[in-house]
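The values are calculated or read from the model by the stated rules, or taken from the named source; none is laboratory data. It should be emphasised that the depicted structure is a prediction, and the values quoted were computed from it without experimental measurement. Note that each Cβ is placed from the backbone with ideal geometry, even for glycine, and that neighbours are counted across all protein chains shown. Side chains included, ligands, DNA and RNA excluded: accessible areas come from the protein's heavy atoms. Shrake-Rupley method; radii C 1.70, N 1.55, O 1.52, S 1.80 Å.
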Amino acid sequence: MTEQKPIASGEIIKAVSEEFAANAHIDSSKYSEMYAASVSDPEGFWGEHGRSLDWIKPYTKVKDTSFAHDDVHVRWFEDGTLNVAANCIDRHLATRGDQTAIIFEPDDPAEPAQHITYRELHRQVCKLSNVLEDLGVRKGDRVILYMPMIPEAAYAMLACARIGAIHSIVFAGFSPDALSARINGADARLLITADYAPRGGRQTPLKSNADAALLHTRDDVKMLVVKRTGGQTTWVDGRDFDYHELMLEADEVQHPVEVEAEHPLFILYTSGSTGQPKGVVHSSGGYLLYAAMTQKYVFDVHEGDVYWCTADVGWVTGHSYIVYGPLANGGTTVMFEGVPTYPDASRFWQVCDKHKVTQFYTAPTAIRALMAKGPEFVETCDLSSLRVLGTVGEPINPEAWNWYNDLVGKGRCPIVDTWWQTETGGHLLTPLPGAIATKPGSATLPFFGVQPVVLDPHSGAEITETECEGVLCLKDSWPGQMRTVYGDHERFVKTYFSDYKGYYFSGDGCRRDADGYYWITGRVDDVINVSGHRMGTAEVESALVAHAKVAEAAVVGYPHDIKGQGIYCYVTLMNGEEPSEELRKELRTWVRTEIGPIAAPDLIQWAPGLPKTRSGKIMRRILRKIAEDDFGALGDTSTLADPSVVEDLIENRMNKK
Ligand code: 6R9
């Protein structure tokens with residue numbers, strides 16, 4: 001097998017280190033070989049890898065999937081049965097009962113960390129499974145989790161899986177309204193929550209939010225409450241149950257419930273460009289296999305590693321890459337309750353040193369925020385335990401990539417830029433650190449079994465030239481793919497399989513370079529058309545943040561008499577930088593020279609803050625409305641981390657010329 005070398009584009013690349021490749025699970029020739037096998041014979045490939053899980057009844061059928069518009073269905077290993085919690089816990093007990101499964105690092109660095117072994121995890125999950133059954137939860141029932149980042153959140157996920165109940169996690173930053181909508185949407189009868197969620201030295205009153213949410217649900221919804229802080233709460237006897245009290249009396253013996261491979265493991269609500277959030281449904285067998293395999297190979301996880309994903313279990317990244325993937329692989333996973341900047345901007349790096357973290361996985365927005373605080377917060381830490389760095393959630397701009405690479409990874413750690421979605425269950429486009437050379441800002445190449453295609457957005461035809469740009473679709477299914485929208489299969493078909501018939505439509509645009517590397521250009525609903533030129537708003541943003549005085553930028557289109565759409569930029573300056581007319585001119589010239597005259601910003605508004613969801617994604621929908629002078633139609637702002645930034649932006653909106 002020839003070595004795959006990205007050379008055609010002539011772009012800057014970071015080669016795979018030979019030393020790293022020598023000890024990696026997958027090197028470049030193995031990648032080429034396995035990838036080819038995975039797409040030429042998916043049945044054979046997944047049939048073989050599926051056996052890495054523990055099946056109660058082994059499958060004989062591997063794949064039954066169709067993307068045909070009139071018959072969309074996704075089924076993997078459908079006649080096999082298993083239990084997800086037994087795969088994540090019980091099967092490791094004989095060989096690694098005393099190994100740490102979860103390291104819990106609390107918000108307050110003065111509070112001791114907890115090391116939970118696989119044996120202890122087993123005990124906790126068995127007891128909690130019995131508690132849930134005593135509360136009336138049965139196979140197929142939905143349970144809502146509204147939890148801080150504490151071990152009990154993982155216990156609750158796994159206890160649901162153990163008894164075949166379907167969990168649906170609502171991020172702890174969501175409001176009571178969002179919570180009640182999800183309880184009702186899933187028709188759940190049990191909510192598991194905590195009294196308070198400590199984060200960044202502040203405390204979110206989860207129990208009182210949950211109390212408020214239950215005013216708008218059926219009367220028979222019960223609440224199981226973990227007393228995390230012991231702070232004051234109100235209590236409704238007969239409805240509210242104390243987690244620790246029930247756990248004290250619970251039996252430690254519990255037999256995992258056998259479920260079909262296609263039995264839903266969880267529902268996770270995610271927002272699209274239209275309508276109410278959709279309940280994305282994931283399966284038990286295919287999802288678990290895909291989460292486990294991607295976690296092992298993308299982070300090149302080995303025996304003894306300490307792996308840390310900084311996401312929250314309220315997002316898909318927390319499901320696949322804090323809990324299910326790492327535990328299915330018998331690894332050690334860190335659960336961090338806090339935030340990157342508390343007590344100060346060195347917290348991430350101190351935690352890496354404290355627990356000798358080997359793989360670190362975070363979001364570009366966190367990297368940019370820490371970058372703006374200055375290098376000293378990183379430079380004071382050792383970080384020599386780190387081996388692989390990862391990013392997820394949005395395109396990473398080259399400046400942030402370089403900072404991550406140079407300061408955090410000291411140039412020695414491969415960076416895996418992983419492109420995927422709530423809908424995909426696990427990574428689809430990503431480098432494998434021992435196999436694929438990287439380019440700052442590119443999610444590089446497909447994982448095994450993934451067949452990306454670039455379609456012409458107008459004709460819907462597949463573009464066969466290597467170098468191209470268009471919409472990113474997938475040609476065939478992979479085991480981690482979502483199965484349906486909860487209670488609305490038609491919406492599943494309409495959202496993902498209608499615009500481009502025969503394909504799964506990701507909603508993202510992309511470019512494929514001469515080396516066949518993929519570059520995500522952002523959601524296609526964020527594409528703007530300026531004087532007939534199509535442009536990714538992410539491109540202009542990337543150019544703006546490349547300027548030394550810019551901390552963050554968001555770009556949207558607005559109606560322009562002559563150009564069709566003009567470019568409206570919201571710019572947050574670095575700490576200590578002053579806005580001025582001169583700087584505005586400087587930035588316009590900067591973007592003009594970085595990308596070209598067609599990309600020159602029409603309007604630049606200074607933004608002290610940008611409206612973001614609690615997962616850190618900039619809400620461009622709102623920025624577009626403000627730019628369009630359409631304040632009355634801002635829509636739902638309840639999912640914003642800080643709604644007050646919107647008022648400031650409205651007040652200081654630029655006048656259109
Ligand atoms: C895992 C997650 C999915 C959307 C996706 C895309 C963007 C995610 C990315 C990325 C560029 C990456 N996205 N990873 N864009 N490079 N490495 O984030 O899921 O919250 O559903 O978001 O995020 O636009 O379509 P989710």
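Are there strands (runs of 3 or more DSSP E) fully within region 229-289 with at least 2 residues that are in contact (Cβ under 8 Å) with a residue 12 or more places away in the chain and in contact with an Asp or Glu (Cβ under 9 Å, 6 or more places away or on another chain)? List them.
278-283
How many residues does region 156-202 contain that are out of contact with any strand residue (DSSP E or B) (no Cβ under 7 Å at 6 or more places or on another chain) and either among the polar types (S, T, N, Q) or at positive phi (or both)?
5
Do you know which residues across region 549-598 are open to solvent by less than 50 Å² (accessible area, probe 1.4 Å) and either of a type in the set (Gly, Ala, Ser) or over 23 Å from Glu647 (Cα atoms) (or both)?
Matches in region 549-598: Ala551, Ala553, Ala554, Gly557, His560, Gly564, Gly566, Ser580, Leu583, Leu587, Val591, Gly596.
Which of the residues belonging to region 311-330 are under 23 Å from Ser385 (Cβ atoms) and either out of contact with any helix residue (DSSP H, G or I) (no Cβ under 9 Å at 6 or more places or on another chain) or within 13 Å of the ligand (Cβ to nearest atom) (or both)?
Residues satisfying the conditions are Ala311, Thr317, Gly318, Tyr321, Ile322, Gly325.
Step by step: first the residues of region 512-525, then only those that are touching a Pro at 6+ places or on another chain (Cβ under 7 Å) and more than 12 Å from the ligand (Cβ to nearest atom), then the one that is most open to solvent (accessible area, probe 1.4 Å). Which residue is that?
Only one residue tops the list, namely Asp515.
In region 389-423, how many are aliphatic (A, V, I, L, M), more than 16 Å from the ligand (Cβ to nearest atom) and without any contact (Cβ under 8 Å) to a residue 40 or more places away in the chain?
The qualifying residues number 1.
Check Thr418 against each of (1) surrounded by 21 or more Cβ atoms within 10 Å (Cβ to Cβ); (2) in a loop (DSSP other than H, G, I, E, B) and name the one condition it does not meet.
(2)
Step by step: first the residues of region 341-365, then only those that are open to solvent by less than 10 Å² (accessible area, probe 1.4 Å) and part of a loop (DSSP other than H, G, I, E, B), then the one that is nearest to the ligand (Cβ to nearest atom). Which residue is that?
So, considering only residues that are open to solvent by less than 10 Å² (accessible area, probe 1.4 Å) and part of a loop (DSSP other than H, G, I, E, B), the one nearest to the ligand (Cβ to nearest atom) is Val357.
Among (1) surrounded by fewer than 21 Cβ atoms within 10 Å (Cβ to Cβ); (2) touching an Asp or Glu at 6+ places or on another chain (Cβ under 8 Å), which single condition is Val334 missing?
(1)
Being buried (at least 21 other Cβ atoms within 10 Å of the Cβ) and in contact with a Ser or Thr (Cβ under 8 Å, 6 or more places away or on another chain) is the filter; apply it to region 402-414 and report the residue that is farthest from Lys549 (Cα to Cα).
Top of the filtered list is Pro414.
Kindly indicate whether any position in region 366-388 is more than 29 Å from Ile26 (Cβ to Cβ) and within 15 Å of the ligand (Cβ to nearest atom).
yes
Whether any residue in region 424-431 is within 14 Å of Leu472 (Cα to Cα), near the ligand (Cβ under 9 Å from one of its atoms) and in the same structural domain as Ser320 (by the TED database) is what I want to check.
Yes; the residues of region 424-431 include at least one that is within 14 Å of Leu472 (Cα to Cα), near the ligand (Cβ under 9 Å from one of its atoms) and in the same structural domain as Ser320 (by the TED database).
Specify which of the listed residues (Thr358, Thr341) is at pLDDT 95 or above and farther than 23 Å from Val280 by Cβ.
None of the other options fit; the residue is Thr358.
Condition check ((1) outside the structural domain of Val313 (by the TED database); (2) touching a Phe, Trp or Tyr at 6+ places or on another chain (Cβ under 9 Å); (3) over 18 Å from Phe171 (Cβ atoms); (4) not β-branched (Val, Ile, Thr)) across all residues:
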| site | (1), (2), (3), (4) |
| --- | --- |
| Thr193 | yes, yes, no, no |
| Pro198 | yes, no, no, yes |
| Gln203 | yes, yes, no, yes |
| Asn209 | yes, yes, no, yes |
| Ala212 | yes, no, no, yes |
| Trp235 | yes, no, yes, yes |
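Residue by residue through region 526-543, note down the ones that are modelled with pLDDT under 70 and either of a type in the set (Asp, Glu) or surrounded by 19 or more Cβ atoms within 10 Å (Cβ to Cβ) (or both).
Asp526, Met535, Gly536
Which of (1) within 16 Å of the ligand (Cβ to nearest atom); (2) over 29 Å from Ala437 (Cβ atoms); (3) at pLDDT 95 or above is the odd one out, the single condition Lys585 does not satisfy?
Answer for Lys585: the failing condition is (1).
Any residue at all in region 494-511 that's in contact with a helix residue (DSSP H, G or I) (Cβ under 8 Å, 6 or more places away or on another chain), open to solvent by 30 Å² or more (accessible area, probe 1.4 Å) and modelled with pLDDT of 80 or more?
yes
Can you name every residue in region 432-476 that is within 16 Å of the ligand (Cβ to nearest atom) and in a loop (DSSP other than H, G, I, E, B)?
Those that are within 16 Å of the ligand (Cβ to nearest atom) and in a loop (DSSP other than H, G, I, E, B): Leu432, Pro433, Ile436, Lys439, Pro440, Gly441, Ser442, Ala443, Leu445, Phe447, Val450, Pro457.
Would you pick out the residues in region 114-128 that are touching a residue at least 24 places away in the same chain (Cβ under 8 Å) and either open to solvent by less than 20 Å² (accessible area, probe 1.4 Å) or assigned to a strand (DSSP E or B) (or both)?
Gln114, Ile116, Tyr118, Leu121, Val125, Cys126, Leu128
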